[in-house]
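Notes follow the structure.
The values are calculated or read from the model by the stated rules, or taken from the named source; none is laboratory data. Please read all numbers here as calculations on a predicted model, not as lab measurements. Cβ placement follows ideal geometry from the backbone for every residue including glycine, while neighbour counts extend to all protein chains displayed.
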There are 2 protein chains.
Amino acid sequence: MDRFEPNLRIPGPTALPPTVREAGARQMINHRGPEFAAMLARITEGMKPYFGTTGDVAVLSCAGTGGLEAAVVNTLSPRDRVLGVSIGSFGDRFAKIASVYGADVVKLDVAWGQAADPVAVREAIERQGPFRAALLTHNETSTGVMNPIPELAAAIREVNADTLILVDSVSALGAVPFAMDEWGIDLVVTGSQKAWMAAPGLAMVAASDRGWAAMETARMPRFYLDLRRHRDSHAEGQTPWTPALAVLYQVDEGLRLMQAEGADGVFARHEACAAAARAGLAALGFELFADPRFASRTVTCVRIPEGVDWKSVNAGVRRRGVVLAGGQGKLTGKVFRLGHLGSVTVEEILGAIGALESVLIEHGRDVEPGSAVGTAQAAALESLGVGRRAAATA
Amino acid sequence: MDRFEPNLRIPGPTALPPTVREAGARQMINHRGPEFAAMLARITEGMKPYFGTTGDVAVLSCAGTGGLEAAVVNTLSPRDRVLGVSIGSFGDRFAKIASVYGADVVKLDVAWGQAADPVAVREAIERQGPFRAALLTHNETSTGVMNPIPELAAAIREVNADTLILVDSVSALGAVPFAMDEWGIDLVVTGSQKAWMAAPGLAMVAASDRGWAAMETARMPRFYLDLRRHRDSHAEGQTPWTPALAVLYQVDEGLRLMQAEGADGVFARHEACAAAARAGLAALGFELFADPRFASRTVTCVRIPEGVDWKSVNAGVRRRGVVLAGGQGKLTGKVFRLGHLGSVTVEEILGAIGALESVLIEHGRDVEPGSAVGTAQAAALESLGVGRRAAATA
């Protein structure tokens with residue numbers, strides 16, 4: 001496998017484009033100097049349209065999980081009542097963080113593979129509310145489900161107008177449209193190693209006016225992840241603590257590539273890759289784990305059927321340079337996941353489907369050679385609106 | 001300045017050697033795979049001799065300040081009595097973190113520029129103790145003072161045998177000898193962008209048996225910075241959350257370079273660079289801010305004399321490609337700092353002293369051309385034990 005670049009199809013870290021890799025090799029600079037200030041401003045300003053906000057964006061040097069912790073500890077106080085809407089591992093983690101810091105968390109556990117239902121959320125609040133905050137997962141990486149965030153936010157506001165709505169969009173923001181100001185979301189978290197085409201190490205957090213105001217009275221302890229310290233320091237072109245500079249270099253370059261492509265192009269590419277992944281995997285006989293109505297546009301999770309020796313299939317796929325992700329938590333051994341976010345191309349998805357097709361045929365599965373790859377390609381082209389042209393007429 | 005590589009003489013981030021830079025450009029891998037596990041093990045095992053421990057080392061994706069927070073929140077409970085020995089900005093920060101999380105902190109504030117005195121520490125404990133923990137700064141980056149850690153630890157143990165001794169060695173470990181097991185230190189924090197020749201983004205934390213045991217009962221809330229989660233995950237070749245992969249690549253390569261040089265060589269090089277910096281700056285008329293007995297071996301802080309227009313001098317130095325650090329906190333405008341840690345060479349120090357010498361002469365200061373550079377070089381050679389040979393005799 002050393003001979004060629006692996007086709008890294010896990011849902012993050014994602015493969016880095018060449019110029020992003022090169023950015024990671026840049027020499028260090030003074031993080032209290034003007035060159036850094038200019039780069040930080042490019043990043044925070046460049047991300048605002050993806051968040052869908054005109055408010056401040058904070059850049060924290062930590063993983064996405066650190067960003068989730070920042071969301072909780074900056075806006076809440078011990079014993080605050082919190083609704084933790086969980087549709088998988090990362091929803092559980094978000095709720096767990098709130099519990100660890102002393103919030104009184106009521107879990108709304110949705111069956112894994114399903115999205116949260118706005119009606120069920122509204123009823124939970126009516127029955128058990130009011131809540132100081134609701135924790136939502138935008139894209140649940142463990143199950144490949146994307147929640148209907150604007151509908152969920154509207155349902156929450158309908159019954160609890162002042163509830164803080166905190167959203168984990170670590171593995172979605174930047175890859176799909178988001179409009180936090182319009183949807184009335186109070187805080188959104190994303191991570192550098194997902195849609196942003198960079199290495200892990202940074203979490204970006206945006207908050208609404210209500211979110212920033214909540215930080216003035218929130219009493220959970222915080223220091224390293226203090227968002228107000230970040231906002232105030234960013235206003236002077238700095239970060240409160242030494243930032244993960246090399247990752248900022250990479251995010252800066254990733255954003256440049258995204259701006260060159262245009263947000264609509266980025267979103268359409270993710271949609272086409274998702275369509276190709278779903279169609280190709282279905283053609284190979286893999287059943288989507290997610291409710292198809294809410295299938296994620298950044299990661300596809302499918303069941304491993306009876307009779308498929310996954311370890312052996314996965315080893316064969318790896319020999320072809322394709323790296324897939326197994327199941328997480330209680331799904332270990334039951335599903336596998338194919339990531340399609342960041343710098344992903346339709347051609348990389350075709351390669352991944354092709355590797356699976358080859359290995360399954362070798363393993364004696366009844367698959368028509370080329371059928372899954374062809375199906376995936378057709379789905380991508382349909383998603384992109386590319387149809388067969390009629391023969392030219394004079 | 002774009003024409004050449006800057007001579008980055010701030011006390012971190014430090015300039016990266018070419019192969020470390022290249023490591024930062026490596027493609028992403030699966031952080032749950034065997035290649036990552038092998039790298040993580042190389043890093044944690046490779047660092048143990050520098051910590052001077054046979055215990056576990058945790059690798060956290062955060063700045064050094066996150067490592068200090070981890071030290072506090074993993075070992076302490078709200079209302080624990082804590083002695084915060086502060087000799088500058090970073091000592092203040094360490095104590096502040098403990099306060100924010102509800103510890104009852106007694107500060108022992110030492111005059112900036114001085115080291116902590118073991119007798120004064122012992123008396124503070126006798127007068128105001130017992131304390132659950134003592135917070136010590138090994139190298140105070142803001143003042144250029146290096147504390148006598150073994151003597152301070154012995155003084156603490158003399159009166160409070162069970163006090164947890166937590167040490168911020170962010171800007172020293174790896175550059176100077178350390179022996180946490182032998183000295184009876186319970187927890188030590190370091191950061192990737194200092195001695196380790198890598199970009200910022202990782203904090204490494206080692207704890208003693210007493211330190212790990214304290215984590216079993218400590219009640220301060222923690223999740224992202226939970227050291228036990230890191231230790232348990234490391235035992236399986238992983239990190240609990242997605243790690244700052246590119247920085248791990250760089251630390252892995254930095255450690256390889258350090259091992260090739262040998263720890264004794266690394267330490268001697270730092271000592272020689274420190275000697276050159278101090279002698280060269282003294283020859284230029286700059287007075288050491290630190291008590292010379294405790295002058296840091298990784299950063300030199302000097303007073304800006306009356307009559308020196310620092311902004312103008314610094315601009316001239318920058319035009320020559322040398323980046324110095326100003327004063328921090330209450331020392332802003334009163335001192336400047338010259339960092340000499342990480343991949344630093346004596347020749348880089350000579351270049352920095354040379355730039356200052358040129359600019360000061362241009363500004364009309366009475367400096368004999370070549371004298372400061374010559375003095376710096378002589379001090380480095382003396383430190384390295386390189387003397388003039390007598391003429392060969394038969």
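State yes or no: is B:Ser86 small (Gly, Ala, Ser), free of Cβ contacts under 8 Å to residues at least 40 places away in the same chain and more than 21 Å from B:Ile10 (Cα to Cα)? Judged against the criteria, B:Ser86 is not a match. Here A:Val105 meets the list (1) within 14 Å of another protein chain (Cβ to nearest Cβ); (2) part of a loop (DSSP other than H, G, I, E, B) almost entirely, failing just condition (2).
Can you spot a residue in the stretch B:185-200 that is in contact with an Asp or Glu (Cβ under 7 Å, 6 or more places away or on another chain), crowded, with 21+ Cβ neighbours inside 10 Å and of a type outside the set (Lys, Arg)?
Residues of the stretch B:185-200 that are in contact with an Asp or Glu (Cβ under 7 Å, 6 or more places away or on another chain), as a first pass: B:189.
Pick out the ones that are also crowded, with 21+ Cβ neighbours inside 10 Å and you get B:189.
Now narrow it down to the ones that are of a type outside the set (Lys, Arg): B:189.
Yes.
Could you pull out the residue among A:Glu151, A:Glu123 that is of a type in the set (Asp, Glu), surrounded by fewer than 21 Cβ atoms within 10 Å (Cβ to Cβ) and touching a helix residue (DSSP H, G or I) at 6+ places or on another chain (Cβ under 6 Å)? If you could, list the steps in order and put the result at the bottom.
Values: A:Glu123 fails: touching a helix residue (DSSP H, G or I) at 6+ places or on another chain (Cβ under 6 Å).
Of the residues listed, the single one that is of a type in the set (Asp, Glu), surrounded by fewer than 21 Cβ atoms within 10 Å (Cβ to Cβ) and touching a helix residue (DSSP H, G or I) at 6+ places or on another chain (Cβ under 6 Å) is A:Glu151.
Could you count how many residues in the stretch B:108-126 are assigned to a loop (DSSP other than H, G, I, E, B), of a type outside the set (Val, Ile, Thr) and in contact with a Ser or Thr (Cβ under 8 Å, 6 or more places away or on another chain)? So that I can check it myself, show each step before the final result.
Taking the stretch B:108-126 as the starting set, the residues that turn out to be assigned to a loop (DSSP other than H, G, I, E, B) are B:110-117.
With of a type outside the set (Val, Ile, Thr) added as a condition, the list becomes B:111-117.
So of that shortlist, the ones also in contact with a Ser or Thr (Cβ under 8 Å, 6 or more places away or on another chain) come out as B:112-113.
Number satisfying all stated conditions: 2.
Taken over the stretch B:39-65, the criterion of being in a loop (DSSP other than H, G, I, E, B) and over 19 Å from B:Ala246 (Cβ atoms) is satisfied by B:Gly52, B:Thr53, B:Thr54, B:Gly55, B:Asp56. Does the stretch A:352-373 hold any residues that are surrounded by 17 or more Cβ atoms within 10 Å (Cβ to Cβ), assigned to a helix (DSSP H, G or I) and either among the aliphatic types (A, V, I, L, M) or free of Cβ contacts under 8 Å to residues at least 12 places away in the same chain (or both), and which are they? The answer is A:Ala352, A:Ile353, A:Ala355, A:Leu356, A:Val359, A:Leu360, A:Ala372, A:Val373. For the stretch A:108-128, check the following and say yes or no: at least one residue is closer than 26 Å to B:Leu60 by Cα and either among the small types (Gly, Ala, Ser) or in the same structural domain as A:Ala214 (by TED's automatic domain parsing) (or both). Looking for residues that are closer than 26 Å to B:Leu60 by Cα and either among the small types (Gly, Ala, Ser) or in the same structural domain as A:Ala214 (by TED's automatic domain parsing) (or both), one finds none in the stretch A:108-128, hence no.
The C-beta contact set for the stretch B:30-56 (first residue more than 14 Å from chain A (Cβ to nearest Cβ) and within 19 Å of B:Ala172 (Cα to Cα), second residue in a loop (DSSP other than H, G, I, E, B) and not aromatic (Phe, Trp, Tyr), distance under 6 angstrom, 6+ apart or interchain) comprises B:Tyr50/B:Gly174; B:Gly52/B:Ala179.
With respect to being part of a helix (DSSP H, G or I) and either in contact (Cβ under 8 Å) with a residue 40 or more places away in the chain or touching a Gly at 6+ places or on another chain (Cβ under 9 Å) (or both), A:Gly280 fits the description. Could you check the stretch A:25-41 and list, in sequence order, the residues that are within 17 Å of A:Ala203 (Cα to Cα) and surrounded by 16 or more Cβ atoms within 10 Å (Cβ to Cβ)? Passing the criteria: A:Met39, A:Leu40. Among residues that are assigned to a helix (DSSP H, G or I), in contact with a Ser or Thr (Cβ under 8 Å, 6 or more places away or on another chain) and under 22 Å from A:His31 (Cα atoms), B:Gly316 is included. For B:Ile87, the conditions (1) β-branched (Val, Ile, Thr); (2) within 14 Å of chain A (Cβ to nearest Cβ); (3) under 23 Å from the mean Cα position of the chain (by Cα) all hold with the exception of (2). For the stretch B:100-112, enumerate the residues that are surrounded by fewer than 21 Cβ atoms within 10 Å (Cβ to Cβ) and under 22 Å from the mean Cα position of the chain (by Cα). Those that are surrounded by fewer than 21 Cβ atoms within 10 Å (Cβ to Cβ) and under 22 Å from the mean Cα position of the chain (by Cα): B:Lys107, B:Asp109, B:Ala111. For the stretch A:4-18, filtering for residues that are more than 10 Å from chain B (Cβ to nearest Cβ) and either surrounded by fewer than 17 Cβ atoms within 10 Å (Cβ to Cβ) or among the small types (Gly, Ala, Ser) (or both) leaves 1.
Determine, yes or no, whether B:Ser99 is more than 14 Å from B:Val72 (Cα to Cα), among the polar types (S, T, N, Q) and within 14 Å of another protein chain (Cβ to nearest Cβ). It would help to see each step written out before you state the result.
Values: more than 14 Å from B:Val72 (Cα to Cα): no; among the polar types (S, T, N, Q): yes; within 14 Å of another protein chain (Cβ to nearest Cβ): yes.
For B:Ser99, the condition - more than 14 Å from B:Val72 (Cα to Cα), among the polar types (S, T, N, Q) and within 14 Å of another protein chain (Cβ to nearest Cβ) - is not met.
Considering every residue within the stretch B:75-83, establish whether at least one is in contact with a helix residue (DSSP H, G or I) (Cβ under 8 Å, 6 or more places away or on another chain), assigned by TED's automatic domain parsing to the domain that holds B:Asn147 and within 23 Å of B:Leu331 (Cβ to Cβ). No; the residues of the stretch B:75-83 include none that is in contact with a helix residue (DSSP H, G or I) (Cβ under 8 Å, 6 or more places away or on another chain), assigned by TED's automatic domain parsing to the domain that holds B:Asn147 and within 23 Å of B:Leu331 (Cβ to Cβ). Every test in (1) among the charged types (D, E, K, R); (2) more than 7 Å from chain A (Cβ to nearest Cβ); (3) not in a loop (DSSP other than H, G, I, E, B) is passed by B:Arg26 save one, and that test is (3).
Can you tell me how many residues within the stretch A:218-237 are in a loop (DSSP other than H, G, I, E, B) and either acidic (Asp, Glu) or over 28 Å from B:Met220 (Cβ atoms) (or both)?
Here is the first cut: in the stretch A:218-237, the residues in a loop (DSSP other than H, G, I, E, B) are A:218-226, A:235-237.
Restricting the remaining residues to those that are either acidic (Asp, Glu) or over 28 Å from B:Met220 (Cβ atoms) (or both) gives A:226, A:235-237.
Qualifying residue count for the region: 4.
Among the residues of the stretch A:127-185, those identified as among the aliphatic types (A, V, I, L, M), in a strand (DSSP E or B) and either without any contact (Cβ under 8 Å) to a residue 60 or more places away in the chain or closer than 21 Å to A:Asp104 by Cα (or both) are A:Ala133, A:Ala134, A:Leu135, A:Leu136, A:Leu164, A:Ile165, A:Leu166, A:Val167.
The residues listed here are A:Ala372, A:Ala379, A:Ala352, A:Ala390; of these, the one that is among the aliphatic types (A, V, I, L, M), within 28 Å of A:Gly265 (Cα to Cα) and modelled with pLDDT under 95 is A:Ala390.
Remark: B:Phe36 falls outside the filter, which requires a residue to be over 25 Å from B:Val302 (Cα atoms), touching a Lys or Arg at 6+ places or on another chain (Cβ under 6 Å) and either outside any strand (DSSP E or B) or assigned by TED's automatic domain parsing to the domain that holds B:Gln238 (or both).
Going through (1) under 23 Å from the mean Cα position of the chain (by Cα); (2) within 10 Å of another protein chain (Cβ to nearest Cβ); (3) closer than 24 Å to B:Leu248 by Cβ; (4) surrounded by fewer than 24 Cβ atoms within 10 Å (Cβ to Cβ) one by one, A:Asp252 falls short only on (2). Can you find even one residue in the stretch A:18-31 that is in contact with an Asp or Glu (Cβ under 9 Å, 6 or more places away or on another chain), on the phi > 0 side of the Ramachandran plot and in the same structural domain as A:Asp168 (by TED's automatic domain parsing)? No, every residue in the stretch A:18-31 fails to be in contact with an Asp or Glu (Cβ under 9 Å, 6 or more places away or on another chain), on the phi > 0 side of the Ramachandran plot and in the same structural domain as A:Asp168 (by TED's automatic domain parsing).
Within the stretch B:200-241, the set of residues being closer than 23 Å to B:Gly33 by Cα, over 23 Å from the mean Cα position of the chain (by Cα), more than 10 Å from chain A (Cβ to nearest Cβ) and of a type outside the set (D, E, K, R) comprises B:Ser233, B:His234, B:Ala235, B:Gly237, B:Gln238.
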